[in-house]
Amino acid sequence: MKTPYKHQAIPIHELKWEELIPLIGMTQAAVARFDGILHAMVNPDLLLSPLTTQEAVFSSRIEGTRASLEDVLRYDAAPRKDAERVDDIMEVQNYRKAMMDAVGWLKQSNVTVDVICRIHRVLMAGVRGENKHPGTIRQTQNYIGYHGTSIDQAIFIPPAPEDLPAAMKDLEGFMATTHRDTIVQTAMAHAQFELLHPFLDGNGRVGRILIPLLLFSKGLIARPTFYISEYFEEHRQAYCGGLDAISEKGAWQGWVKFFLQAVVYQAELNSRRAEAILSLYNSMKDEINSITRSQYAIQTLDTLFNLPFVSAPEFLKRSGIPRRTAFRILDDLQRGRILRVLEKGTGRRPAVLTFARLVEIAEQTKFERNA
């Protein structure tokens with residue numbers, strides 16, 4: 001049987017910083033560029049809403065869910081209990097809510113053990129794992145292994161439960177302290193959280209939520225909208241292998257390098273997506289105003305960016321536009337080819353329309369450098 005991971009202080013002062021300096025420079029520049037775009041947005045939470053959902057999809061997918069961005073956005077447009085993959089969709093929705101709730105908590109607090117437990121409670125509400133003491137640091141031993149195997153065949157065994165209170169307090173102190181580089185600090189805090197595995201379920205998702213929250217709480221980004229789970233999901237073997245190497249060999253240096261490379265790649269991709277979304281928003285102001293000739297053009301635009309798959313009932317609820325006007329606007333937008341029918345209405349089930357231009361940006365992985 002594997003030996004449980006032995007908690008030790010995070011060795012940030014033992015890193016070979018001279019090897020990391022070139023990568024640190026690249027990460028700082030890439031994140032600063034992304035943050036500059038956030039500052040240019042009047043409402044980044046609204047404009048980047050599809051990217052927030054995409055982050056939740058990728059992070060949840062690492063844990064085995066199969067819901068796609070389209071599945072989640074369809075459900076947002078027309079929620080129904082018999083939707084395909086509804087259980088997976090609920091996990092993604094909880095991830096989004098946990099992230100948004102955490103922003104409010106961080107206005108009064110650092111990233112503490114209490115905040116982490118609150119995040120976990122929201123994340124696990126009404127989904128698989130809800131019976132595994134959400135929001136409570138585990139008091140029994142857990143382990144990572146293939147489905148159906150016992151702890152004797154475990155791939156990884158976290159620390160014993162009696163060691164967790166001190167270990168989590170140490171992690172809290174590490175996150176609160178100002179270190180030489182915030183992104184390196186975030187890399188090591190994320191890894192340590194995953195290795196402590198303090199909850200009976202949901203540890204991976206909580207640990208990935210901590211990444212943008214730490215960057216935000218340390219003032220590196222204006223909003224916690226830095227998304228990295230896409231890179232981790234695409235490089236899952238290297239991601240998991242890096243964490244394993246820490247537990248087996250204390251290989252923190254390699255993990256930090258991997259994390260910094262992930263940040264550089266994802267920051268550049270996030271920046272291009274954010275620029276494309278901002279450009280689309282600005283161009284759509286005139287287009288929607290011209291098509292609808294309505295005093296509600298901006299409300300319409302904001303609703304579509306928050307709900308790129310939309311049904312008439314959800315559009316009415318989210319926009320606050322009077323019913324008759326709202327239906328006319330939706331008809332105008334279809335005729336103007338801003339919206340197209342994704343799913344025809346049947347009986348009491350409303351039609352689902354899609355603002356395809358926005359969804360395409362959220363799903364795009366390659367952009368022209370000067371686009």
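The values are calculated or read from the model by the stated rules, or taken from the named source; none is laboratory data. Predicted, not measured: the structure shown is a model, and the values here were computed from it. For neighbour counting, all protein chains shown are included, and Cβ atoms are generated from backbone atoms with ideal geometry for every residue, glycine included.
Quick notes on this one:
- Residue within region 34-41 that is buried (at least 21 other Cβ atoms within 10 Å of the Cβ), touching a Phe, Trp or Tyr at 6+ places or on another chain (Cβ under 8 Å) and either closer than 18 Å to Ala362 by Cβ or not acidic (Asp, Glu) (or both) present: yes
- Residue in region 317-332 that is surrounded by fewer than 20 Cβ atoms within 10 Å (Cβ to Cβ), within 25 Å of the chain's Cα centre (by Cα) and either within 23 Å of Thr52 (Cβ to Cβ) or in contact (Cβ under 8 Å) with a residue 40 or more places away in the chain (or both) present: yes
- In region 39-55, of all residues being touching a Leu at 6+ places or on another chain (Cβ under 9 Å) and assigned to a helix (DSSP H, G or I), the one that is farthest from Gly129 (Cα to Cα) corresponds to Ala40.
- Selection from region 77-98 of residues that are surrounded by 19 or more Cβ atoms within 10 Å (Cβ to Cβ), among the aliphatic types (A, V, I, L, M) and in contact with a helix residue (DSSP H, G or I) (Cβ under 6 Å, 6 or more places away or on another chain): Ala77, Ile89, Val92, Ala98
- Filter pass, Thr65 being polar (S, T, N, Q), farther than 30 Å from Lys317 by Cα and outside the structural domain of Gly347 (by TED's automatic domain parsing): no
- Residues satisfying the stated conditions in region 144-159, i.e. hydrophobic (A, V, I, L, M, F, W, C), surrounded by 15 or more Cβ atoms within 10 Å (Cβ to Cβ) and more than 30 Å from Tyr265 (Cα to Cα): Ala154, Ile157
- Tallying residues that are surrounded by 16 or more Cβ atoms within 10 Å (Cβ to Cβ), small (Gly, Ala, Ser) and at pLDDT below 95 within region 99-110 yields 0.
- Number of the condition not met by Glu234 [criteria: (1) surrounded by 21 or more Cβ atoms within 10 Å (Cβ to Cβ); (2) within 16 Å of the chain's Cα centre (by Cα)]: (1)
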